[in-house]
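Chemist: Just dropping this structure here.
The values are calculated or read from the model by the stated rules, or taken from the named source; none is laboratory data. Values in this document were obtained by computation on a predicted structure and should not be read as measured data. Positions of Cβ are backbone-derived with ideal geometry, glycine not excepted, and every protein chain shown enters the neighbour counts.
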Amino acid sequence: MKTIRSLVVASTLFVAGQAQAASSNINIPTNFGQAQYNALSNELGAATWMTPSNSAESHSSGIIPVGVQAAVEFVGVSIDSNLWASAGANKPPSRIFVPRLRVSAGIPFGLDVGVMITKVPNSNIKMTGFEGRMAFGNYIPVPMLEANVRYHQSSLTGIPDVKIKNTGYAAMIGANLPIVKPYIEIGTVTSTSTPSGALVSQGNLKEYQKKSTTKAIGAKIELALFVINVEKAKVGDKDLLTAKFGFEF
């Protein structure tokens, strides 16, 4: 845990240095119309999405039928700078970088569960997420071919009077090679944005929901107990770039 805490502190300081002049608290103005609220909800929903950020085989596929991975990941999300500026962000760039602490574990029969915790530096954007995966590569009669299905939920809190909740499903296929493990995932995510408080009483805004297609392609690199993930993904028309660094045993 000491190593993971050090990774979290280092990653947060690094991203804070990158984002100090670019990020600030997001506050949806009460004079936002429904169209503006919906557009910003799409942006925040993409940023809240729980990326796959893992290869297709289960954590319990090794010699010992139980596995754990603990890592820090950085997700770069493309944003509409003008839209975020209208919601209070201070000169946002065209991409924000979100650090995440992510821990996942596997048990026999190809079952994996994972959680993530996120805090965007110098911002009130906070996220949590949960996922469950079922791998079934053992049932595919092709050497080193792996596959799994995934269910995930994530939510954004901290922004006054609004909550974003994502629920999604996806399927992944990949190659379980000795060092580099490439994968592709395709799925859907339903993002629900619920206003409350002043946004309802003064802004007359209503709950907004959107279902988007998700796509991700990436690779996990294994070096002894150390793992690195690189990934490019899309949520609807928003693109995300992910790099993850951690340990797996």
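Chemist: Report, by residue number, each residue of the stretch 88-132 that is surrounded by fewer than 21 Cβ atoms within 10 Å (Cβ to Cβ), at pLDDT 90 or above and within 16 Å of Ile164 (Cα to Cα).
Modeler: Those that are surrounded by fewer than 21 Cβ atoms within 10 Å (Cβ to Cβ), at pLDDT 90 or above and within 16 Å of Ile164 (Cα to Cα): Ile117, Lys126, Thr128, Phe130.
Chemist: Name the strands (runs of 3 or more DSSP E) wholly inside the stretch 196-249 in which the number of residues that are polar (S, T, N, Q) and farther than 30 Å from Tyr37 by Cα is 1 or more.
Modeler: 226-235
Chemist: If you check Pro178 against the conditions, is it out of contact with any Cys (no Cβ under 9 Å at 6 or more places or on another chain), assigned to a loop (DSSP other than H, G, I, E, B) and over 23 Å from Thr48 (Cα atoms)?
Modeler: Yes: the conditions hold for Pro178.
Chemist: What pairs come up if the first residue lies in the stretch 220-249 and is touching a residue at least 12 places away in the same chain (Cβ under 8 Å) and exposed (fewer than 15 other Cβ atoms within 10 Å of the Cβ), the second is part of a strand (DSSP E or B) and of a type in the set (Phe, Trp, Tyr), and their beta carbons are under 9 Å apart, counting only those six or more places apart or on different chains?
Modeler: Leu225/Phe247; Phe226/Phe245; Phe226/Phe247
Conditions tested, residue by residue: (1) part of a loop (DSSP other than H, G, I, E, B); (2) of a type in the set (S, T, N, Q); (3) surrounded by 16 or more Cβ atoms within 10 Å (Cβ to Cβ).
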position: Pro141; (1), (2), (3): yes, no, no
position: Tyr151; (1), (2), (3): no, no, no
position: Leu156; (1), (2), (3): no, no, yes
position: Ile159; (1), (2), (3): yes, no, yes
position: Thr167; (1), (2), (3): no, yes, no
position: Ala171; (1), (2), (3): no, no, no
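Chemist: Do we have Glu43 as acidic (Asp, Glu), farther than 17 Å from His152 by Cβ and either assigned to a loop (DSSP other than H, G, I, E, B) or touching a Cys at 6+ places or on another chain (Cβ under 9 Å) (or both) here?
Modeler: So Glu43 fails the test.
Chemist: In the stretch 38-50, is there at least one residue being without any contact (Cβ under 8 Å) to a residue 40 or more places away in the chain and closer than 30 Å to Ala198 by Cβ?
Modeler: No, the stretch 38-50 has no match at all.
Residue by residue, here is whether (1) within 25 Å of Ile125 (Cβ to Cβ); (2) polar (S, T, N, Q); (3) at pLDDT 95 or above; (4) touching a Cys at 6+ places or on another chain (Cβ under 6 Å) holds:
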| position | (1), (2), (3), (4) |
| --- | --- |
| Ala147 | no, no, yes, no |
| Arg150 | yes, no, yes, no |
| Ile173 | no, no, yes, no |
| Gln202 | yes, yes, no, no |
| Lys210 | yes, no, yes, no |
| Asp237 | yes, no, no, no |
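Chemist: Another question about this same structure. For the stretch 185-197, which positions are over 21 Å from Thr118 (Cα atoms) and exposed (fewer than 15 other Cβ atoms within 10 Å of the Cβ)?
Modeler: Passing the criteria: Ile186, Thr188, Ser196, Gly197.
Chemist: Any residue that is modelled with pLDDT of 95 or more, within 16 Å of the chain's Cα centre (by Cα) and surrounded by fewer than 18 Cβ atoms within 10 Å (Cβ to Cβ) - is there at least one of those in the stretch 175-184?
Modeler: Checking the stretch 175-184: at least one residue is modelled with pLDDT of 95 or more, within 16 Å of the chain's Cα centre (by Cα) and surrounded by fewer than 18 Cβ atoms within 10 Å (Cβ to Cβ).
Chemist: Something else now. Among the residues of the stretch 58-75, are any assigned to a loop (DSSP other than H, G, I, E, B), of a type in the set (A, V, I, L, M, F, W, C), under 15 Å from the mean Cα position of the chain (by Cα) and surrounded by 15 or more Cβ atoms within 10 Å (Cβ to Cβ)?
Modeler: For the stretch 58-75, residues assigned to a loop (DSSP other than H, G, I, E, B), of a type in the set (A, V, I, L, M, F, W, C), under 15 Å from the mean Cα position of the chain (by Cα) and surrounded by 15 or more Cβ atoms within 10 Å (Cβ to Cβ): absent.
Chemist: Continuing with this model, one more query. Look through Leu177, Leu145, Leu83 and report the one residue that is closer than 26 Å to Ile28 by Cβ, hydrophobic (A, V, I, L, M, F, W, C) and free of Cβ contacts under 8 Å to residues at least 60 places away in the same chain.
Modeler: Leu83
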